[in-house]
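The values are calculated or read from the model by the stated rules, or taken from the named source; none is laboratory data. All of these numbers come straight from a predicted model, not from anything done at the bench. Cβ placement follows ideal geometry from the backbone for every residue including glycine, while neighbour counts extend to all protein chains displayed.
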Amino acid sequence: MDTNETMYNPTTISWLPNTTMTTMSIGIPFIHSYHVRVVVGVLFLLIAVINITGNSMVILAVIFSKKLRTSTNVFVVSLSSADLLAGLALPMSAVALLTPGNSWPGSTETPCYIAGVLLFTSSTASLFNLASIALNRLTLIKSPMKWYRILYTKCNLVINVVFNWIAAIVIMTVPPLFGIGDYGYDKQQHTCTDLDNHPKAKTFKQIQTFGSYPIPFIIIITSYIIIFVHVRRHFKKQMYNDGNITIPVSSSSGSIDNFQTSDNAAVLRASRRDRISRQQLEITKNLFMTVCAFFICITPYCMALFIPNNDHFLLFGGAVFLINSCVNPIIYAAKHPQFKKVLRLMLRCKYSEIEEPSDTIKHLKACCCKS
């Protein structure tokens with residue numbers, strides 16, 4: 001018997017008694033069993049819960065604390081917003097995966113279509129925001145503070161964030177307007193995503209990958225290599241200077257006292273600079289960890305798009321891809337010193353102890369006192 005004929009033969013679905021369904025619907029085969037779909041669907045829901053909770057807290061932390069309102073955190077909020085949108089889109093795919101059969105359970109696929117657009121657009125915006133964070137850290141560490149303040153004014157920050165989102169929207173929504181790919185319920189993967197059965201699906205995937213991956217990747221890798229080299233040189237120089245400090249010997253007690261006073265002041269200044277450098281280094285390390293987590297999650301899926309006969313992997317690669325959206329807030333909560341402090345107070349409902357509270361916190365406290 002021919003392979004294609006075998007693929008079209010009807011098969012009894014064991015988990016649905018007295019029911020027979022074909023393995024093909026409109027010429028599209030079942031790739032994953034229902035049991036696999038249930039596992040991935042539950043994983044999607046778990047990712048969505050962690051995603052929405054974590055990214056919402058990161059955004060609220062910046063809203064509640066003025067101390068967190070730095071230029072870098074503008075991009076952090078934009079990144080969390082993108083990840084949050086991805087988390088809000090995931091339940092639609094979970095519904096599609098958990099629904100038996102090979103069709104969207106609702107009367108219209110519009111919710112599934114919207115979820116697909118949000119998912120792909122927000123993922124691309126995440127990568128652009130990560131690139132912006134890397135450039136921000138590079139400018140802060142390598143350039144004089146005067147140039148940093150000129151480059152990262154409020155107006156320029158808004159322009160940068162808006163550009164990130166517009167670029168993501170254009171890459172992910174313009175091609176379908178010209179008939180190159182589309183979104184909706186994918187009957188092969190049983191998810192709300194781009195349609196694999198579209199005549200120009202492969203072209204659309206290539207546009208997605210080349211438009212959202214290589215340029216940000218180069219920016220991020222280059223920026224963090226330069227930062228790493230700069231920080232390494234800085235600490236080597238600092239260690240060399242510390243190793244060449246000498247204490248002069250004088251017979252005059254007054255001269256010794258003056259030297260000790262001057263030396264103590266120099267030590268205090270060096271200690272303060274060292275503390276600031278360690279803090280900047282720690283922040284940079286946390287952001288670098290975020291980038292690494294992103295690439296570990298995203299690279300396998302992007303590479304798989306160019307491998308033939310990879311349909312079985314795409315669902316699992318997509319699940320790993322989506323884990324990135326809930327990794328970022330965990331990294332900030334666990335490592336970032338300022339975020340960690342504010343988030344911990346939020347979890348304990350000790351909003352009154354937040355440093356430099358915003359007007360939002362003050363209004364909330366006033367409302368609570370009135371009630």
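Which one is surrounded by the fewest Cβ atoms within 10 Å (Cβ to Cβ) among residues in the stretch 167-200 that are within 18 Å of THR108 (Cα to Cα) and among the β-branched types (Val, Ile, Thr)?
THR193
I'd like to verify a number: residues in the stretch 275-308 that are modelled with pLDDT under 70 and out of contact with any helix residue (DSSP H, G or I) (no Cβ under 8 Å at 6 or more places or on another chain), how many?
3
Which condition number in (1) in a helix (DSSP H, G or I); (2) among the small types (Gly, Ala, Ser); (3) out of contact with any helix residue (DSSP H, G or I) (no Cβ under 7 Å at 6 or more places or on another chain) is the one that GLY179 fails?
(1)
Within the stretch 189-201, is even one residue within 24 Å of the chain's Cα centre (by Cα) and of a type in the set (Ser, Thr, Tyr)?
yes
Could you please find all residues in the stretch 106-130 being farther than 18 Å from GLN189 by Cα and crowded, with 21+ Cβ neighbours inside 10 Å?
Correct list: THR121, SER122, SER123, THR124, ALA125, SER126, LEU127, PHE128, ASN129, LEU130.
Step by step: first the residues of the stretch 131-166, then only those that are modelled with pLDDT under 95 and aromatic (Phe, Trp, Tyr), then the one that is surrounded by the fewest Cβ atoms within 10 Å (Cβ to Cβ). Which residue is that?
So the residue we want is TRP147.
Pick from the stretch 309-349 the residues that are assigned to a loop (DSSP other than H, G, I, E, B) and modelled with pLDDT under 85: which of them is farthest from THR284 (Cα to Cα)?
Step by step, filter the stretch 309-349, then rank; the result is ASN309.
Would you confirm whether or not the stretch 211-219 contains a residue that is within 30 Å of ARG278 (Cβ to Cβ), surrounded by fewer than 20 Cβ atoms within 10 Å (Cβ to Cβ) and of a type outside the set (Val, Ile, Thr)?
Yes: one or more hits.
Give the stretch 86-125 a look and list any residue that's among the hydrophobic types (A, V, I, L, M, F, W, C) and part of a loop (DSSP other than H, G, I, E, B), or say none.
TRP104
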